[in-house]
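Since the structure comes first, as C-alpha cells, the remarks are kept for the end.
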Amino acid sequence: TRSGRRGEWRRAIALLDALERRHPGPVSVRAGTAALVACDRAGCGRGLGGDPRWAEARELMSRRSFEPDAFTYTTALRCLGRASRPDDVAVLFAEAVERGIVDERVRDAVAVALARSGRFSEARAVLTEGTAGLGASGRRRTAWLRRSRHRFDALSDQAFPAPATIRRRG
C-alpha cells in the first residue's frame, strides 16, 4: 500500500508477485488494488513518473490471484483513462458489467476515461445509463449526477476551450 501511494509500481508489483508465490490461493484484494494504485499514480505528474503504467494495470486485472471489487475496477479504469486507452476502458467496463461489479464510482471512472479520449457521446451514454439504477428521484441520484456531470463538463471545457478574453491595460 505504501508503494502504491508513492507510485512505486515496480516495487508494488514485485511485492504482489512474491505474495502470490508464497500463498497458492487467492491473495487479498487490497494487495492487488494497491499494485493498481501504484500503476495509476506512476502517471500523476508529481515527480512519480511520466505515464501511467496501463499495460501493467491491464495485466494485473487479468490475473486471477485476487477477486476484484468496485474500487479495483475504478482504479484500473482511471489508469487506462489517464493513458488514453478508450478501447481498453470499454473492454474492462464490459467485464465489470458481466461480473455485476458496477456502481456509480465505476460508471464515473468509465465516463471520465472515455471523455479524456474525446469519446464524449459514449461517456454521456454511460452517465445516462447509470442513473436508471438509482431510482426516479432522490438526493442520491441528484448528487451522483451533479458530481459526474461536473467532472465530465470540466473535461469537455479542456477539450474545447472557450476563446480567451482580451484584457486591456490602462
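Within the stretch 49-103, all pairs of alpha-carbon atoms sorted by distance into 10 Å bins from zero give the percentages 25, 59, 15, 1. The modelled label-to-label distance for the pair His23/Ala70, using points 7 Å beyond Cα in the direction of Cβ, is 2.4 nm.
Rule-based calculations on the coordinates, nothing more; no lab input. The structure presented is a predicted model; accordingly, all values stated were derived computationally and were not measured. No Cβ is skipped: glycine too gets one built from the backbone with ideal geometry, and neighbour counts run over all protein chains shown.
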